[in-house]
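Structure first, commentary second.
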Amino acid sequence: MAQNCNTLVELPDDALEGKASFARSASVAVCGALSDCFRAIESAHVEMNKAVEVYLRSAEEKFVSAIRALTEVDKIMRSAPLPAETRAWTQQLDFDRLYTAGVKQGVIPSHPGQWSRLRGINTAGNVISVSKVLVEDLAKIRERIQDAINLTVDDATPRNRVGVPFAVLSLQSALLDAAAFAQMVAYVNTLEPLGGEWLMQTEETGETVGVTG
């Protein structure tokens, strides 16, 4: 979580420093895990060999590290109360306008399902639960990794027309979904905290909806 979380949730300096450290660790681990996963997928498009399993096991270890770090981020975020003003602001963001602008600028992918998911979290007033959701996404990816590892020696597993097992394709889909959601979270975190630019506007007057406690 970036500048929004640091501003919207009142945390002491030591907690902010700890959160930033854990967030960086998670980011590095996820980047390494994604690299390993796509190396495995690349190898799987040629042959389901030992290299696929090696890359996947390396990726899983890194995802475990990322989950631990994000779990700590989540604990820190929940250690302070969420101000009513913050909750109201996140609930009143104009997600239709944000999505259109983000896709047009190319900073987020065109993925309505994941955007709807992020919108739901915010409009429900659960903005500080985002780290927990990211942990859940990584846990699902770990499950897909295990499915792919278990099938590396199973010639009877369903495959597509070029011979890639469905388990590998399922992992690739999970990676893309999780990456889209994480990128959308990062995009929303670039907004000016408690700013009015991206709040919903009333149809009658065109004025932004005021943030109330």
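Translational diffusion coefficient of the range 14-98 at 10 °C, 1.306 mPa s, Stokes-Einstein with Kirkwood Rh over Cα pairs, in µm²/s as a whole number. Please report the intermediate quantities before stating the final value.
Details: Rh = 15.4 Å.
Once the numbers are plugged in, D ends up at 103 µm²/s.
Just to confirm a number: summing +1 for Lys and Arg and -1 for Asp and Glu over residues other than residue 124 whose beta-carbon lies under 14 angstrom from that of residue 124, what do you get? If you can, show how the numbers build up before the last one.
On the way: positive: 87, 117, 119, 132; negative: none.
Overall, the nearby charge balance is +4.
Which FRET efficiency, nearest 0.05, do residue 173 and residue 31 yield, Cβ-Cβ r, R0 22 Å? It would help to have the intermediate numbers written out before the result.
Values: r = 19 Å, r/R0 = 0.88.
Between residue 173 and residue 31 the formula returns 0.70.
Build a GNM of the chain with springs between Cα atoms under 10 Å: which of 126, 150, 160 gets the top mean-square fluctuation?
160
Could you work out how far helix 166-188 tilts from the main Cα principal axis of the chain, as a 0 to 90 degree angle to the nearest 10?
Value to nearest ten degrees: 20.
Between residue 45 and residue 123, what length in nm is gained on full extension when 0.36 nm per residue of separation is reduced by their alpha carbon distance? Could the numbers behind the result be given before it?
Working: separation 78, 0.36 × 78 = 28.08 nm, distance 4.10 nm.
Going from the current span to full extension adds 24.0 nm.
If each DSSP helix of 4+ residues adds -39,500 (n - 2.57) and the sum is divided by the residues in the chain, what number results at 222 nm, nearest 500 deg cm²/dmol?
-22500 deg cm²/dmol
Please report the orientation-averaged projected area of the chain, defined via the convex hull of its C-alpha atoms, in nm². Don't skip to the end; give the middle numbers.
Numbers: hull surface 52.5 nm².
Seen from a random direction, the Cα hull of the chain projects 13.1 nm² on average.
What lysines could a cross-link reach from residue 140, if we take a straight Cα to Cα line under 20 Å and drop same-chain neighbours fewer than 8 places away?
Straight-distance partners of residue 140: 62, 132.
Give me the number: length gained by fully extending residue 57 to residue 100, i.e. 0.36 nm times residue separation minus the C-alpha to C-alpha distance, one decimal in nm. It would help to have the intermediate numbers written out before the result.
Values: separation 43, 0.36 × 43 = 15.48 nm, distance 3.80 nm.
Length difference between fully extended and current span is 11.7 nm.
Since every read-out is calculated from the coordinates, none of them should be taken as a lab result. On a predicted model such as this, the values are computed, not experimentally measured, just so you know. We place every Cβ from the backbone using ideal geometry, glycine too, and count neighbours over all the protein chains shown.
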